Amino acid sequence: MGIIDAKDLRKYFPVKRTSFAGHKWLKAVDGISFSIKDGTVFALVGESGSGKSTVARLVLRLMPPTSGQILYQGKDIQHFKGDSLLEFRKAAQIVFQDPFASLNPRMTVFSTISEPLKIHKLAGKSEMKDEVIRILGSVGLQADVLSRYPHEFSGGQRQRVCIARALAVSPKVIVADEPLSALDVSIQAQILNILQELQKKSHISFLFISHDLRVVQYFSDEIAVMYLGKIVEHAKTDDLFSRPLHPYTTELLSSAPKIRPDGKKREILKGDVPSPIDIPPGCPFHPRCPRRFDPCDRVIPELKEMRDRFVSCHLY
């Protein structure tokens with residue numbers, strides 16, 4: 001059991017096709033299970049539309065699941081009310097993709113960081129300023145930013161403020177939903193180093209969501225690869241990068257930008273992700289899979305446990 005456990009999690013959204021047709025379902029998350037161990041970084045990777053951000057919102061109880069459970073320290077978060085819900089909100093924080101959109105433009109840095117401290121009664125008036133300065137220092141910001149507003153910062157500085165806000169309540173879990181994708185590459189490295197240092201120092205667990213495989217390889221302990229709402233491969237980071245098994249994982253890794261001494265061009269994953277409203281029968285990846293064979297277009301493969309991982313493919 002981990003600090004966060006997802007069990008057979010599903011989230012379907014109703015979609016009305018025409019005035020004469022009934023509702024169809026957009027299957028954003030379709031029966032996934034995973035566990036985030038205490039003090040580790042669990043990464044979700046996959047193309048846009050695979051359901052990663054929906055998982056983030058389910059884990060934080062920002063939306064209810066269609067079925068399945070999210071357990072926090074063994075307890076179903078859907079049953080939390082009153083003090084138990086407030087304690088969960090304190091324990092689980094989020095860092096969003098867009099640091100500008102996730103900050104109130106009318107609130108100073110001091111107001112932004114001190115607000116969660118007031119809500120959870122973690123600091124009194126006399127010690128509030130010193131506590132905010134301490135929190136800002138942990139992400140590399142100085143006291144001279146206290147009275148400034150979000151529009152006065154660069155993207156990297158705004159993301160530091162967002163991280164500081166998440167850290168203010170000493171969370172046990174941080175959900176980082178594409179926290180680097182809106183930043184320049186040079187700034188991404190700085191923010192990633194801050195996250196890694198904080199994770200090691202504070203023993204915080206992370207659900208890290210990204211489509212950037214280089215970042216995930218550097219930061220995560222375990223990786224789950226998602227495709228059309230399902231986990232197709234789940235392994236320790238080193239195992240997955242050294243020996244990917246699922247054809248989708250292999251294609252993702254081969255299409256990632258990298259320097260190739262042999263001069264070969266990187267492979268591009270062919271085709272588009274099918275609509276989550278009309279998921280193909282059988283294996284959802286089979287229309288794009290270079291290794292498909294007879295049962296792939298008819299039978300949905302189970303997620304099977306192998307020696308060092310889980311994989312959902314008829315090849316195994």
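The values are calculated or read from the model by the stated rules, or taken from the named source; none is laboratory data. Bear in mind the structure is a predicted one, so any value in this text is a computation, not a measurement. Cβ: placed from backbone, ideal geometry, glycine included. Neighbour counts: every protein chain shown.
Within the stretch 221-263, if we keep just the residues that are charged (D, E, K, R) and in contact with a helix residue (DSSP H, G or I) (Cβ under 9 Å, 6 or more places away or on another chain), the residue that is modelled with the lowest pLDDT turns out to be LYS258. The set of residues in the stretch 276-292 being crowded, with 17+ Cβ neighbours inside 10 Å and of a type in the set (Val, Ile, Thr) consists of ILE279 alone. For residues in the stretch 159-205 being of a type in the set (Asp, Glu) and not in a helix (DSSP H, G or I), which is nearest to ALA91 (Cα to Cα)? Selected residue: ASP177. Scanning the stretch 293-316 for residues that are modelled with pLDDT of 90 or more, in a loop (DSSP other than H, G, I, E, B) and among the basic types (Lys, Arg) yields a single hit, ARG298. Being surrounded by fewer than 23 Cβ atoms within 10 Å (Cβ to Cβ) and in contact with a Gly (Cβ under 8 Å, 6 or more places away or on another chain), is that true of even one residue in the stretch 213-225? Looking for residues that are surrounded by fewer than 23 Cβ atoms within 10 Å (Cβ to Cβ) and in contact with a Gly (Cβ under 8 Å, 6 or more places away or on another chain), one finds none in the stretch 213-225, hence no. In the stretch 18-75, what count of residues is obtained for those that are among the acidic types (Asp, Glu), farther than 21 Å from ILE300 by Cα and not in a loop (DSSP other than H, G, I, E, B)? Total meeting the criteria: 0.
Looking only at residues in the stretch 293-315 that are charged (D, E, K, R) and without any contact (Cβ under 8 Å) to a residue 40 or more places away in the chain, the one that is surrounded by the fewest Cβ atoms within 10 Å (Cβ to Cβ) is ARG307. The residues of the stretch 81-100 that are in a helix (DSSP H, G or I) and not aliphatic (A, V, I, L, M), listed by number, are GLY82, ASP83, SER84, GLU87, PHE88, ARG89, LYS90.
Return a yes/no flag: does the stretch 59-66 have any residue that is at positive phi and free of Cβ contacts under 8 Å to residues at least 40 places away in the same chain. The answer is yes, given that some residue of the stretch 59-66 is at positive phi and free of Cβ contacts under 8 Å to residues at least 40 places away in the same chain. If only residues of the stretch 145-180 that are over 30 Å from SER50 (Cα atoms) and free of Cβ contacts under 8 Å to residues at least 24 places away in the same chain are counted, the one that is surrounded by the fewest Cβ atoms within 10 Å (Cβ to Cβ) is GLU152.
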